[in-house]
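No value in this document is a laboratory result; all are computed from the given coordinates. Here the structure is a predicted model, which is why all the values come from computation and not from measurement. Cβ coordinates were reconstructed from backbone atoms using ideal geometry, including for glycine residues, and neighbour counts include every protein chain displayed.
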Amino acid sequence: MNLIAMRALEHARARQITAQPIKRRRHWTSADESKLRDLYPDTPMPELLKIFNRPSWSIYNKAHALGLKRSDDYLASEHARRLRREDNPGVGCRFQKGHTSWNKGISFHSGGRSAETQFKTGTLNGRAAQLHMPVGSERVTKDGIRQRKICDDGLPQRRWKSVHMILWEEHNGEVPAGHLVVFKDRNTQNIEIGNLELVTRAENMRRNTIHRYPPELKSTIRQLGKLKRAISEVSREKQDD
């Protein structure tokens, strides 16, 4: 074995010896959740970190999942106010409202013919000009939904609207909050008013879950999921050994 190969082998062995074992994820028990419900409203985060021995993001995520909120007394405490100030660094160094910049109203020109090549206000330039599509243009998203450009201003995501939504609103008015328009035959290219229906977001979610499949197919999907989880657990155990 040559010298380079020997060094590479030694380096690989050293990395294997010093590699840290993979930490398994600690699941929240019912007792942990009960304790968090009691403590979270009024207990500062440093104390919660010591009690649960978990990172702050894990505690915040679990509190959010359980619907827990800080109490009014805690939010009004000096500790909470200090944390809010610390979460807003540099506030004392920012320009105050009404501050006038030193260069306001000053026009800077580099001389020569630079003014002739400057972009005029309200015009697109460079790559944006090449990619610009006028109002009325249509495109197809990666999900196969046809969209139409309805305006040139505002947020980019608000400038486009699904064609089937436009068609539905022309016949039935604005879509109510918590609802959406779907294709009855699931063919996104079949944009006909008779192929559209209004459903709640909850109903649409139910239609797109495992429960919409026949019993025998649902059983197969569940068994496949169990097999994948078993393979994953065996792989993690081998890594821990």
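Counting other Cβ atoms within 10 Å, keep those with at most 10, restrict to DSSP loop, and tell me which GluC sites (Glu not before Pro) in the range 132-225 are left. Intermediate results must be reported in sequence, preceding the final value.
Values: sites: 138, 169, 170, 174, 192, 197, 203, 216; in loops: 174, 192.
The qualifying sites are 174.
Cα-Cα over 31 Å: which of 69/142; 161/218; 184/218; 142/228?
69/142; 161/218
At a Förster distance of 35 Å, what's the computed FRET efficiency of residue 132 paired with residue 221, Cβ-Cβ distance as r, to 0.05? List each step's numbers first, then the result.
Values: r = 45 Å, r/R0 = 1.30.
Once rounded, the FRET efficiency stands at 0.15.
Could you tally the net charge around residue 67, taking each other residue with its Cβ under 13 Å from the Cβ of residue 67, Lys/Arg +1 and Asp/Glu -1?
+3
Hey, with R₀ at 25 Å, roughly what FRET efficiency would residue 96 and residue 155 work out to, going by the Cβ-Cβ distance, to 0.05?
Details: r = 28 Å, r/R0 = 1.13.
That pair, residue 96 with residue 155, gives E of 0.30.
How charged is the neighbourhood of residue 190? Take every other residue with its Cβ under 14 Å from the Cβ of residue 190, and add Lys/Arg as +1 and Asp/Glu as -1.
Numbers: positive: 146, 184, 186; negative: 185, 192, 197.
In short, 0.
Round to the nearest 0.05 the FRET efficiency obtained for residue 142 and residue 209 when R0 = 30 Å and r is the Cβ-Cβ distance. Intermediate results must be reported in sequence, preceding the final value.
On the way: r = 22 Å, r/R0 = 0.73.
Efficiency, from the Cβ-Cβ distance: 0.85.
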